[in-house]
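A.B. asks: Questions regarding the structure given below will be posed in turn.
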């Protein structure tokens, strides 16, 4: 019947396949013709990464499937991948260029952008790529909808990932949770979602403990998950990259690590389902693709994006049935509407179609039953007969006191399965026959105890292989765990070919028999053990003296061998006299029943030995126990001889000895030494008790002494006190032992008089106690060492210092605490002092209990005995750390003071030189736009520490600019140090700048600080920097770069903090081009240039300068000055002043010297000077104006208007300035990028 059903199914399958094979091509042809005529729509899907990831593949398939559902429209779908993980604007340009080339001439009706990053790229380049084409955003993150604006012809569909609802669900399903572990990676997307999860979980931090497993590789993560506590749940966030740089698909990573977890795992997306998570509210990529396709169809059908609001699709309640079963989570506890996937099918689900098919077969077979009814009638008689036989057989089997069973071998698997078992199995093992029959093959062997299992299997296989019957004994475990001994009778079961196809047999419970055998064996072993432990000889005899049995641990100890006396009468074995004595004892034992004791001698193995026989009647027999007492007899004889010797030793012993009774302390005997110590006569003490004589101070002292004797049997060297006849107390070192005299318990006491020694020890102990009290209260650490350098004593202060025990400190000695840098020198001095027996003093560092090393001064003095013998050392250790620190601070302060003194002396010399110099004009005077611009530049740079380069002609006030910068800076409290590089020779300028050491060159009698050291924390002005030699320019560059230098002739690197101002009247740029000035130094100096204008460019300031200089020189020269004549002012203003302000000052000073009256008049003829000046000058007024305007514009980066513009500095309107620039042909030069190798 089965064959027919399979054939029918095969036929149906073939027919169906042929039908589909014919139908599908036909539909394809019709569809092809229909689509050729249908209008076309083009759709482009732009993914951010490779679309072959599992998650994006699901979304792509759902999206394409939904778009294909459009009726009457042929939709062509294209896919592209931005690959934004590579990043960079260059890559974006390449991507845009690629899309333009690839789809040139094609117009798209709809664009999908997958993820927000892809949307940003599409919107930035929309006009260039797809102008006017609507865009639909597909994203997992609902917050990405904030970037979607329908007004821009953009709409969006997103998932709704939220960690909080899933955590609520997880906590509800796992109510005992105390810990939540988050799995996350280190990629940027991992960090983003991890931050989202942490934000969602903040409100739960008071309820559960959170921790992260971040960036672990797969083996590391499996190890971490396998050791989680039972009250934990795991939340899988995402893991794209681990700490080792490995990149994964997040679901695949989850699949590989989840199997090791000892706690349930929850997630957020459908892609994670089936990879190890329990489930939850999951974002479905398939649903996202389907929703995106539906929105796209609406747009393709003509709806605007404004009519399709951006929206998020809710997550689905989906769970993994396998994980629910694994973590014992009931489906009934799931929220309403939950979907359970990967559900383990029930037996009905798995086999219902088989059952239906079987039912159909049964119905068909029922029809055939009628044809077989007549056969049933004919078989009834045979069945009735078989039933009768079976009933009788059943009665026989049920009455068998054991389990009757049968097993048959499966021809394929060769395993044997039970085919019959009697009801006795329930009585013996607790299983019903039905329970046993339903067990898998081999269940009988599984219930055999492991120790017997292999043996039972071998014996069973031997019956199968040999075809002969057998018997096996083993232990079976019952259903309730008890052990039953079984004797299993095995018989092979053969088929008609005489092949063994199984076994049948009977298993008999022999537990009671085995228990009895075990008890008998244990009793026998116990009796043997008892007998083996008895050293005596034992004999069993009849009342007539015939030997029946014996026991002897050593048969050679018998008088004759056993085979000689067993069965014989003792008169035939023992000597006649001894035999008679034995018969007398046997007769008395037979009459009275009391044990009889007989001591006798026999010569055995050529040695005469003593024996003691104890005879007792037992029934109609005599039991004799014979013990060898030779050693006891000999010991007694030796005791008698010893007592005689003891008496002699007792009387002649120089130690006080006594014998007293234990009960009352009555003296039985004392020796002469005892009488001498006690002061009593023998008559006064013998027969009297110790308490009556007052030998003990109290009854308690004697009672304590007797208790010690009774507990230990004796005492040795116990100190006791004894009161003599004269009342004095003697201290004795006493030993005592119990002995029996005449049946009375006594004490033998021997003592040594240690009264004088005890007094000496007491005196020593008191002395040592006083020393220890003094040492422990002394405010220093004290130690004592013997002649072998071993520490024998340390006081409390030293123990408190080390923090160790007394024993450990003695074992380590002070050497164990010395700093390793001080060890060699300190230990060497210590050993030297010990060898020479002289005092020593050492300063070293010792480790304190808290690990800090403290400076101590350790002293030691030799100790000697009264006769001059060297006994060792005694010494002290005093903590001098604070003193050392004070000395170090004092030295440091002294060094700093010396350095400060030297610097102040050098500054004093410098300042005196400054005062001696001409300070003719010390303030910047002027109101012209040129001087205002200079002041503006000074205000910009003064409060910074930037390097300033002051450029200008001679006499224009470059030094005044430097001083103004210094006075406006944070360093104004420190000096402004000046160096004129042109005034010093090349051999002296290095020493002037950097200083020199003593002996650095001829004439260097001492150390001299250079200007860089003097200007430390201040300002250094290098005037005429253009005159600095090239070799020194390199050293100056190092100071500017690193802030460090060395003195001439020195090796120590000196750090300096100097603000540098350089001044020059040379064109340094030209000097660089000519190779006379280092280019890298030029860039270092030209950080903030300030150009001082010549006096001819600031003629408006000449009256102010004239008045300032006139008043200054008049006051200095003691002249009365009231005014300056107008002619003089006009003459001064008309002169070009090639010497600038300095020349003007000199002219005014000469005029003041020649002053007659109170009105200043200059007598010099400026026309001659002007002619000379004009003869050397070729610049026109326009040239000068042009140069000045260009200079201001360059300084302000060509800014014309505004508060900081050139027009404001020049004092004109911006429009006027632009007109002048056009007239003078001033144009902003074109900028070119340039690179230099120097550090600017």
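A.B. asks: Which of rounded, prolate, oblate describes region 400-517, given a ≥ b ≥ c as roots of the alpha-carbon gyration tensor eigenvalues and a/c under 1.5 marking rounded, otherwise prolate only if a/b is larger than b/c?
C.D. replies: Values: a/c = 1.75, a/b = 1.43, b/c = 1.23.
Judged from the Cα gyration tensor, region 400-517 comes out prolate (a/c at least 1.5, a/b above b/c).
A.B. asks: Just to confirm my numbers, what's the Cα centroid distance between region 977-1033 and region 193-210 in Å?
C.D. replies: After rounding, the separation between the Cα centres reads 66 Å.
A.B. asks: If Rh is defined by the Kirkwood formula over all Cα pairs and Rg also comes from Cα, what ratio Rg/Rh do you get for the chain?
C.D. replies: Values: Rg = 61.2 Å, Rh = 50.5 Å.
Rg/Rh for the chain comes to 1.21.
A.B. asks: Based on alpha-carbon centroids, what's the gap between region 790-814 and region 1101-1151 in Å, whole number please?
C.D. replies: Cα centroid to Cα centroid, the span is 90 Å.
A.B. asks: Would you please calculate the Kirkwood hydrodynamic radius of region 779-885 over all C-alpha pairs and express it in Å, rounded to one decimal? Intermediate results must be reported in sequence, preceding the final value.
C.D. replies: On the way: mean 1/r = 0.0714 Å⁻¹.
Evaluated over region 779-885, this radius sits at 14.0 Å.
A.B. asks: Rank-order 451-459, 1095-1103 by packing density, defined as the average count of other C-beta atoms within 10 Å over each peptide's residues, highest first. Could the numbers behind the result be given before it?
C.D. replies: Numbers: 451-459: 14.0, 1095-1103: 19.7.
Output ranking for 451-459, 1095-1103: 1095-1103, 451-459.
A.B. asks: Rounded to the nearest 10 degrees, what's the angle between the helix 89-102 long axis and the longest principal axis of the chain, both from Cα atoms, 0 to 90?
C.D. replies: 90
A.B. asks: Another question, if that's okay. Given the -39500 (n - 2.57) contribution per DSSP H run of 4+ residues, what per-residue ellipticity at 222 nm results for the chain, rounded to the nearest 500 deg cm²/dmol? Present the calculation step by step, with values, prior to reporting the outcome.
C.D. replies: On the way: 43 runs with 556 residues, N = 1240.
Mean residue ellipticity, 222 nm, calculated: -14000 deg cm²/dmol.
A.B. asks: What whole-number distance in Å separates the alpha-carbon centres of region 666-701 and region 563-603?
C.D. replies: For region 666-701 versus region 563-603, the Cα centre distance is 53 Å.
A.B. asks: In addition: Hey, fewest Cβ within 10 Å first, where do 548, 1021, 171, 122 land in order?
C.D. replies: 548, 171, 122, 1021
A.B. asks: OK, next. Kindly identify region 649-758 as rounded, prolate or oblate by the Cα gyration tensor criterion: order the square roots of the eigenvalues as a ≥ b ≥ c, call it rounded if a/c is under 1.5, otherwise compare a/b with b/c, prolate if a/b is larger, else oblate. Present the calculation step by step, with values, prior to reporting the outcome.
C.D. replies: Working: a/c = 1.29, a/b = 1.15, b/c = 1.12.
Because its axes are fairly even, with a/c under 1.5, region 649-758 counts as rounded.
A.B. asks: For labels at residue 698 and residue 1042 in the simple 7 Å Cα→Cβ model, what's the distance in nm?
C.D. replies: Each label point lies 7 Å from its Cα, and together they span 8.9 nm.
A.B. asks: Quick one: grab the alpha carbon gyration tensor of region 1094-1177, order the square roots of its eigenvalues as a ≥ b ≥ c, and give me rounded if a/c is under 1.5, else prolate or oblate depending on whether a/b is larger than b/c. Before the final figure, lay out the partial values.
C.D. replies: Details: a/c = 2.06, a/b = 1.78, b/c = 1.16.
Verdict is prolate for region 1094-1177.
A.B. asks: What order do you get for 428, 538, 781 when you list them from fewest to most C-beta neighbours inside 10 Å? Display every interim value, and only then the final one.
C.D. replies: Numbers: 428 19, 538 14, 781 24.
Listed from fewest to most nearby Cβ atoms, that is 538, 428, 781.
A.B. asks: Something else now. Helix 1140-1153 versus the longest principal axis of the chain: what is the Cα-based angle in degrees, 0 to 90, to the nearest 10?
C.D. replies: The answer is roughly 60 degrees.
A.B. asks: On a 0 to 90 degree scale, rounded to 10, what angle separates helix 1102-1117 from the longest Cα axis of the chain?
C.D. replies: It is inclined by approximately 80 degrees.
A.B. asks: Fewest to most neighbouring Cβ within 10 Å: what's the order for 1143, 815? Can you show the working numbers first?
C.D. replies: Numbers: 1143 16, 815 12.
Taking fewest neighbouring Cβ atoms as first place, the list is 815, 1143.
A.B. asks: Would you compute the Debye intensity of region 540-628 from its alpha-carbon atoms alone, equal scatterers and no solvent, and pass along log10 I(q)/I(0) at q = 0.16, 0.25 Å⁻¹ to two decimals?
C.D. replies: So the normalised log intensities are -0.61, -1.56.
A.B. asks: Can you give the % of DSSP beta bridges in the chain that are antiparallel, to the nearest 5?
C.D. replies: Working: 122 of 184 bridges.
Looking only at bridges with both residues in the chain, the antiparallel portion is about 65 percent.
None of the figures in this text is laboratory data; all of them are computed from the coordinates on show. Computed from a predicted model, the values in this text were never measured in an experiment. Positions of Cβ are generated from backbone atoms using ideal geometry, with glycine treated the same way; all protein chains shown enter the neighbour counts.
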